[in-house]
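Here the structure is laid out as structure tokens; the discussion comes afterwards.
Just so it is clear, none of the values below were taken in a lab; they were calculated from the coordinates. What you are looking at is a predicted structure, and each value in this text was computed from that prediction instead of being measured. When we count neighbours, we look across all protein chains shown, and the Cβ atoms used for this are built from the backbone with ideal geometry, even at glycine.
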Amino acid sequence: MGRYIIRRLLLLIPVLFFISVITFALAHAVPGGPFDREKPLPPEVIANLEKYYGLDQPVWKQYVDYVTDIAFRFDFGPSYRSRGRSVNDIFADHLPVSAQLGLAAIVIALVIGLPLGILSALKQNTLWDYLGMGLAIFGVSVPAIVLGPILILIFALALHWFPVAGWGTPAKMVMPAFALGLRESAIIARLTRASMLQVIREDYIRTARAKGLSERVVMVRHALKNAFIPVATILGPMFAALLTGTFIVEQIFAIPGMGKYFITSITNRDYPVVMGTILLYAVFLVLANLAVDLTYAFLDPRIRYT
Amino acid sequence: MATLLQVKGLKTQFFTQDGVVNAVNAIDFDLNEGETLGIVGESGCGKSVSVLSLMRLIPSPPGRVVGGEAWFQGRDLIKMDMEEIRSVRGNKIAMIFQDPMTSLNPVLTIYQQVSEALELHLGMDKRQSRKRTIELLDLVRIPAAANRIDDYPHQFSGGMRQRVMIAMGLSCNPQLLIADEPTTALDVTIQAQITDLVRQLKQEIGMAVIWITHDLGIIAGLADRVNVMYAGSIVESADVKDLYADPRHPYTLGLLHSIPRLDAERKTRLTPIEGLPPDLIDMPPGCSFAPRCRFAMEKCLTETPALETVARRHTVACWVDVTGGKR
Ligand SMILES: Nc1ncnc2c1ncn2[C@@H]1O[C@H](COP(=O)(O)OP(=O)(O)O)[C@@H](O)[C@H]1O
Ligand code: SF4
Ligand SMILES: [Mg+2]
């Protein structure tokens, strides 16, 4: 198992290499540069800036410098736009915010999604099922850009339960976490229901009933663990996406997270920020998928990694 | 011998989109204590559904036991409430299933699965149930049982898994063990081993057994009595030796002709019964075997034959006496 984990982590190196080459190449292929303005800067100024940031070097040299800085000093370089701030500073400021929000959203997604899916499956074709799946369809089809303002209207402006927007207190986290997590909870609920419905038709469930076990024991002990295996698959990418920030919700609720910063960096051509975020997302994705695969091994004894 | 199980008019239907499937059509049979009953018939004729009905394990929806009684030790299984039937399942009546590859839970260890019934019905604690699980695995001849009880099902072969299923079935010393085609999914050599095992265990323990199969050949050395089922009905019922020596139903004759014989010439072809079993949704009047029956006459198409006694402990549902002459 230990060797398996190390192998998977080593696999990160080619993955990151590949992603960094592509993002770097794309950044340089797209027309326009980081110092384009409405009113063009004087050429001397641009030349100075490019020299300062090393952009006058050949592209391959820029790439090598960029990668060696990251690899050996964990330095993602300076931001082109935020004067005097490095990409590392920006990550340090904004990433924890997104991660906290993402974590809260995941918790909400699981706490709502799993029981809802299980309940719908067990009470298939009853009011509970229709209610649960109705809610799930609502969750999937209403985007955060609509749900966010609705939440604000109802729970902040009308009921005054939560502050309208902002960051820093638990109360401020509730609505954005819901806006983020509801959609994911809907996805989890639907998958859990489908998986559960399949599992309760399995032969071993009949075997369990034939032993005289109560329905509760049959479900909890024999069905749930099996039903959760496919659900674990989608949690990996979901985790990675939520932890690295989500632009729309952060925008709506004025949250100083990474998602918002990332999008602004793209429009500003702040390539070091863009590339750094993408690389970090890749790392999260690989780690999250690794965590999922380890969860598999925990859930399903047929899966063993060597 | 005392009667252990008395089934009267058991009728089970499935209410599907295509219509009502008459899976079991009012069957009657008795089973004595310690007796082995074979239920034989082609696939889809209602063998599984009839025993699952007794255990009240018919998936509902779409299925339901719509009528009949099943008296077991003075109580009607069909009328029991859920709590009562659960106290019977796995305790007084145990069941093992066709496919050992899918009938064990892949994420629980053998110990976890065998011990459940012990703790539930016999109130054993962990230490007792562990000891008893090892004994049971020894009983079904699983080598090195003590080292293997914490293994998972996928670490066992098909034959070994079926042994685990049998151990599970025997765990609470049931009065009745129902085996639903327990060897159909296994290799021929393993089939013989499992059949032998059950025969030996039955002698040691003395429970009654219902053994379901579509292969009359297996039943010969195993059962005391045989019910032949066709299209949801019992068409012939007899002591096993009478069934082989003096088969009375055209369908039974057909089944007997399709058993491979060891003493036959290599080249003699087996003669499976031509045609297919009827659709159980729209059952025409008359004998359901008529379209495939070489004895069929006018009457067979309009009137359904009922089980009638033709010899001692031998009943047949057929208008024709296949030994010659009409009835
Ligand atoms: N869950 C179900 N839904 C609908 N029909 C079913 C179901 N289970 C069994 N049946 C029908 O009941 C009939 C008898 O099935 P079964 O008892 O399993 O046959 P077998 O004799 O092979 O064990 C079959 O025609 C089958 O189509
Ligand atoms: S009743 Fe008629 S059709 Fe049915 S088995 Fe007997 S002879 Fe054949
Ligand atoms: Mg069957």
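Once Rh is set to the Kirkwood radius over Cα pairs, what Stokes-Einstein translational diffusion coefficient, in µm²/s, holds for region A:237-278 at a temperature of 4 °C and a viscosity of 1.567 mPa s?
Estimated diffusion coefficient is 125 µm²/s.
How do B:Met207, A:Met175 line up, fewest other C-beta atoms within 10 Å first?
Going from sparsest to densest Cβ surroundings: B:Met207, A:Met175.
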- Please determine, in degrees from 0 to 90 and to the nearest 10, the orientation of helix B:188-205 with respect to the longest principal axis defined by the Cα atoms of chain B, where the helix direction is its Cα long axis. 70 degrees
- Message: Using a Förster radius of 35 Å, what is the FRET efficiency between B:Ser87 and B:Phe295 based on their Cβ-Cβ separation? Nearest 0.05, please.
- Response: 0.15
- Item | For B:Gly63, residues with placed amide H under 5 Å, excluding near neighbours | B:Phe15
- Item | For chain B, convex hull of alpha carbons as volume per residue, Å³ | 151 Å³
- Contact order relative to length for region A:93-299, counting C-alpha pairs under 8 Å separated by 6 or more residues, stands in percent at 30 percent
- A student asked for the Cα radius of gyration and Dmax of region B:30-131 in angstrom ought to give 15.7, 45
- Item | Residues with amide H under 5 Å from that of B:Ile178, placed H, sequence gap 5 or more | B:Ala94, B:Met95, B:Ile96, B:Ile210
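Could you work out the relative contact order of chain B, using alpha carbon pairs under 8 angstrom and six or more residues apart, expressed as a whole percent?
20 percent
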- Residues B:Cys318, B:Cys300 arranged by fewest to most Cβ contacts within 10 Å: B:Cys300, B:Cys318
- Note on the structure: Full extension between A:Val217 and A:Trp128 adds, at 0.36 nm per residue less the Cα distance, a length in nm of 29.9 nm
- Task: Select from A:Val174, A:Val45, A:Val142 the residue whose mean-square fluctuation is largest in a Gaussian network model of chain A (Cα-Cα springs shorter than 10 Å).
- Result: A:Val45
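Under DSSP H, which helices of chain A have Cα atoms covering 20 Å or more of the helix axis and a Kyte-Doolittle average no less than 1.0?
A:12-29, A:87-122, A:127-141, A:224-243, A:271-299
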- Item | Prolate/oblate/rounded call for region B:117-184, Cα gyration tensor, a/c under 1.5 rounded | oblate
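For B:Lys131, B:Lys47, what ranking results if the residue with the fewest other Cβ atoms within 10 Å of its Cβ goes first?
Ranked by crowding around the Cβ, least crowded first: B:Lys131, B:Lys47.
Could you calculate the FRET efficiency of B:Asp138 with A:Phe72 from 1/(1 + (r/R0)^6), where r is the beta carbon distance between them and R0 is 56 Å, rounded to 0.05?
0.35
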- Return the average number of partner chain Cβ atoms within 10 angstrom of each residue Cβ along peptide A:10-19. 0
- Task: Pick out which of A:Leu103, A:Leu55, A:Leu197 has the largest mean-square fluctuation in a Gaussian network model of chain A, springs linking Cα atoms closer than 10 Å.
- Result: A:Leu55
- Note on the structure: Full extension between A:Leu49 and A:His160 adds, at 0.36 nm per residue less the Cα distance, a length in nm of 35.1 nm
- Item | With eigenvalues of the C-alpha gyration tensor scaled by 5 and rooted, region B:6-58, Å | 22, 12, 9
- Where the centre of each part is set by its Cα atoms, how far does region A:80-105 sit from region A:149-217, in angstrom? 28 Å
- Query: Say we join alpha carbon atoms closer than 10 Å with springs in a Gaussian network model of chain B; which of B:Pro305, B:Pro143, B:Pro153 then has the biggest fluctuation?
  - Reply: B:Pro143
- Message: For a bin width of 20 Å, list the pair-distance distribution of chain A built from all Cα-Cα distances, rounded to whole %.
- Response: 27, 48, 22, 3, 0
- How much length is gained on full extension from A:Ile145 to A:Ala25, taking 0.36 nm per residue of separation minus their Cα-Cα distance? 40.0 nm
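List the trypsin sites (Lys or Arg not before Pro) in region A:155-252 that DSSP assigns to loop (not H, G, I, E or B) and whose Cβ has at most 15 other Cβ atoms within 10 Å. Which are they?
A:Arg201
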- Short to long, in 10 Å steps from zero, the percent of alpha-carbon pairs of region A:190-237 per bin is 28, 49, 19, 4
- Task: State, as an integer percentage, the relative contact order of region A:38-115 based on alpha-carbon contacts under 8 Å between residues 6 or more apart.
- Result: 13 percent
- Note on the structure: Quick calc, A:Met1 & B:Ala311: beta-carbon distance into FRET formula, R0 56 Å, rounding 0.05, result 0.25
- Message: Starting from the 7 Å offset along Cα-to-Cβ, what nm value, one decimal, do you get for the label separation of B:Arg64 and A:Val59?
- Response: 7.2 nm
- For the pair B:Gln6 and B:Thr302, how long in nm is the line joining their label points, each one 7 Å along Cα→Cβ? 3.7 nm
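I'd like to know how the protein assembly as shown sits against the 2.2 N^0.38 Å rule of thumb: what's its Cα Rg over that expected value?
Ratio of Rg to 2.2 N^0.38 Å for the protein assembly as shown: 1.35.
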- Calculate for the protein assembly as shown the 222 nm mean residue ellipticity that helices alone would give, adding -39,500 (n - 2.57) per DSSP H run of length 4 or more and normalising by residue count, nearest 500 deg cm²/dmol. -15500 deg cm²/dmol
- Folded to 0 to 90 degrees: helix B:158-170 orientation relative to chain B principal axis, Cα: 80 degrees
- Could you work out the Kirkwood radius for region A:2-73, taking every pair of different alpha carbons, averaging 1/r and inverting it, reported in Å? 14.7 Å
- At q = 0.23 Å⁻¹, work out log10 I(q)/I(0) for region A:204-306 with the Debye formula, treating every Cα as an identical point scatterer and leaving solvent out; two decimals please. -1.12
